[in-house]
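All of the numbers you see were taken from the coordinates with simple rules; none came from a lab. Just so you know, these numbers come straight off a predicted model, no measurement behind them. Glycine also receives a Cβ, built like all others from the backbone with ideal geometry; neighbour counts cover every protein chain displayed.
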């Protein structure tokens with residue numbers, strides 16, 4: 001098959017699977033989309049829009065107007081193809097075109113057939129994958145400055161991008177200075193931009209101070225045991241890659257084998273940062289594992305290759321049927337009957353109720369982690385808080401079932417700031433699920449809430465309008 005035909009077939013397949021999710025928003029992509037929507041309303045990121053990650057994700061969403069549906073999913077398909085391209089270029093540069101195609105196909109496969117809430121959203125952790133692969137490929141190719149630049153872009157998606165920088169220096173130890181120069185440039189550009197907007201202090205507090213609090217405050221009772229369990233699950237679904245990688249390490253010799261072992265271990269350590277072991281944390285090790293796995297699979301004899309192919313059936317059988325069900329729902333024009341989408345469906349219904357009564361110029365405030373309501377209603381936010389983590393001090397990874405406050409001082413300051421806002425609409429998307437975190441549990445908010453009356457409700461939301 002020609003190179004053009006190969007990439008055309010891969011693009012069509014990736015796009016078709018991605019479009020099956022065109023009627024869905026997953027939690028990890030809602031806040032970047034909501035932040036981008038507020039930027040389009042003329043707000044400044046961090047200073048007027050609270051966002052606790054580096055700026056790449058919301059800025060990227062601006063390219064398609066922070067729209068949902070097929071524009072979002074085609075953007076996701078293009079990103080997966082870019083990731084597959086760079087992974088393939090790395091493998092091809094190291095060994096040859098066969099390994100390059102293997103690596104591209106495996107990257108596209110595992111970015112399709114795994115947990116949808118992790119692989120579908122264009123969110124912070126996934127956005128590191130393509131620049132991660134590009135950075136190491138450029139380092140291997142001897143282009144240190146461009147490698148550092150790609151690593152710097154990864155860092156502007158997620159602070160774990162520092163590990164991408166380390167990987168570049170591992171493969172290009174003689175060109176560390178140009179790598180560091182390239183790495184600094186994106187951060188310098190971001191700092192200059194934020195300083196010009198008067199948002200540098202807000203950026204530091206939201207991304208770095210709050211991020212440090214989040215990283216050291218896990219909700220897991222036994223993080224070590226949970227980490228072993230979740231890593232084992234991830235390894236099981238990626239067994240074909242591990243089989244190829246193990247064979248690569250057995251057959252390869254010299255410094256390349258050692259570098260890949262260090263790179264993989266370094267990337268795996270990212271999954272342990274914060275002691276949460278969420279599925280999306282495993283995108284960093286996916287790059288070295290895919291490249292090493294592609295080389296190992298290319299070296300296998302037919303019997304072992306057939307066994308590796310059978311291992312691909314595990315994620316295919318587990319996650320493939322859902323795409324068919326989603327496609328059938330879209331074709332029939334019916335709502336998806338999927339428990340994982342309960343909150344998303346509820347947010348769509350709540351947004352429809354608001355749109356029926358909303359007038360131009362009205363504003364919205366959402367209590368809970370439901371940023372998709374800003375995306376579905378397209379209303380401007382009444383405050384810079386698009387979700388209530390900074391208002392309650394309880395992180396979203398636990399606030400549906402816990403009330404333990406991680407940063408009480410931040411929460412008190414944020415609630416005092418909220419009192420100055422006068423939203424037309426308030427949507428409470430948390431109290432129906434966890435009444436202990438209701439707004440009226442905070443004395444300073446009671447008189448503020450007295451200005452609102454209940455307008456409508458859904459299963460998981462209460463909708464209030466200003467009297």
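The Rg/Rh ratio of the chain, with Rg taken over Cα atoms and Rh as the Kirkwood radius over Cα pairs, comes to 0.98. Axis angle, to the nearest 10 degrees, between helix 27-40 and the longest C-alpha principal axis of the chain: 60 degrees.
Panel values: region 1-126, Kirkwood radius from alpha carbon pairs, Stokes-Einstein at 10 °C and 1.306 mPa s, translational diffusion coefficient 102 µm²/s. Measuring max minus min along each principal axis, the C-alpha atoms of region 341-466 give extents of 37, 33, 21 Å (largest first).
Sort 31-37, 258-264 by packing, meaning the average of other beta carbons within 10 Å per residue, with the highest value first.
On the way: 31-37: 27.0, 258-264: 17.6.
Put in order of decreasing packing, that is 31-37, 258-264.
The peptide list 144-154, 452-462, put in order of mean Cβ contacts within 10 Å with the highest first, becomes 144-154, 452-462. Against the chain, whose longest principal axis is taken from its Cα atoms, helix 3-19 shows a tilt of about 30°.
Relative contact order of the chain, please, whole-number percent, based on alpha carbon pairs below 8 angstrom and at least 6 residues apart.
On the way: 742 pairs, mean separation 71.5, N = 467.
Relative contact order here is 15 percent.
Each part reduced to its alpha carbon centroid, region 62-120 and region 414-460 end up 41 Å apart.
Which order do peptides 391-401, 188-198 fall in by mean Cβ count within 10 Å, highest first? Don't skip to the answer; put the middle values down first.
On the way: 391-401: 19.5, 188-198: 13.8.
The most tightly packed comes first, giving 391-401, 188-198.
Give the angle, between 0 and 90 degrees and rounded to the nearest 10, that separates the Cα long axis of helix 255-272 from the longest principal axis of the Cα atoms of the chain. In the chain, helix 255-272 runs at an angle near 20 degrees to the longest axis.
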